[in-house]
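The structure appears right after this line, and notes come after that.
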Amino acid sequence: FFEKRAAAWRIYTFTNPGTTDPEVLRQRVASGQGANLVNLNLLKTDMQTPYNIQLSAGLGQQLGDGFALNLDYIHQDAKNLYAQLTPNFLQNGVRVLTTKYGVITLYDDQGKAKFDAIATTLTYNKPTMRLNASYTLGWYKSQFEGLGGYNDESFFIMQPSTGDERHRVVLSGLPTSKLTPTSPI
């Protein structure tokens, strides 16, 4: 996709253009002004498949007529997640690796993430009604957001993610009817 886009579209960079008027900028491009740098996208040659190691353990207890309580611990370790670096970033208006190219994006499989949670569910179950009340206390950490796009590998540190949803409460119910056996015709 990126190669096709780069072949069909050009990106021109103007330092302090002084205008955002498209016609003025088009005239400048037509007269040869503006840097036209090719952006590179490089993919690691031996990308590994992402995987997730999961562990869960739980306890359940019948509390009384129609009531049950479950308590579960959940742990996940995700490895080889796809991530990207953009090492040829702009610093003080100059590309840090080379001025011959624009953005250089390196795709890799170095990303990691983990999730830990304690989940509780209280269930009320009778022949005419089933109700659930669930509460989850969770911690989600990752080395990056989205695909990353960081300038160098020092940014890939395990930290709470914006996807971290610490507390979740879910209430659900379902009316049921008594099942009656059917007789053959």
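The values are calculated or read from the model by the stated rules, or taken from the named source; none is laboratory data. Everything numeric here is computed off the predicted structure, so don't read it as measured data. Virtual Cβ from ideal backbone geometry, glycine too; neighbours counted across all protein chains shown. All accessible areas refer to the heavy atoms of the entire protein, side chains included, with ligands and DNA or RNA removed. Shrake-Rupley method; radii C 1.70, N 1.55, O 1.52, S 1.80 Å.
Here are a few things to note about the model shown:
- The condition (being surrounded by fewer than 13 Cβ atoms within 10 Å (Cβ to Cβ) and closer than 28 Å to residue 131 by Cβ) is satisfied by just one residue among 55, 69, 97, 59: 59.
- Pairs meeting the criteria (first residue in the stretch 52-81 and touching a residue at least 24 places away in the same chain (Cβ under 8 Å) and among the acidic types (Asp, Glu), second residue exposed (fewer than 15 other Cβ atoms within 10 Å of the Cβ) and part of a loop (DSSP other than H, G, I, E, B), beta carbons under 8 Å, at least 6 apart or on different chains) are lacking.
- Verdict on residue 42 being more than 30 Å from residue 137 (Cβ to Cβ), in a strand (DSSP E or B), open to solvent by less than 70 Å² (accessible area, probe 1.4 Å) and in contact (Cβ under 8 Å) with a residue 40 or more places away in the chain: no
- Check on residue 116, outside any helix (DSSP H, G or I), farther than 30 Å from residue 67 by Cβ and at pLDDT 90 or above: no
- Taking (1) free of Cβ contacts under 8 Å to residues at least 60 places away in the same chain; (2) under 16 Å from residue 151 (Cα atoms); (3) part of a loop (DSSP other than H, G, I, E, B) in turn, residue 87 satisfies each apart from (1).
- Residues satisfying the stated conditions in the stretch 30-39, i.e. open to solvent by less than 70 Å² (accessible area, probe 1.4 Å), in a strand (DSSP E or B) and hydrophobic (A, V, I, L, M, F, W, C): 35
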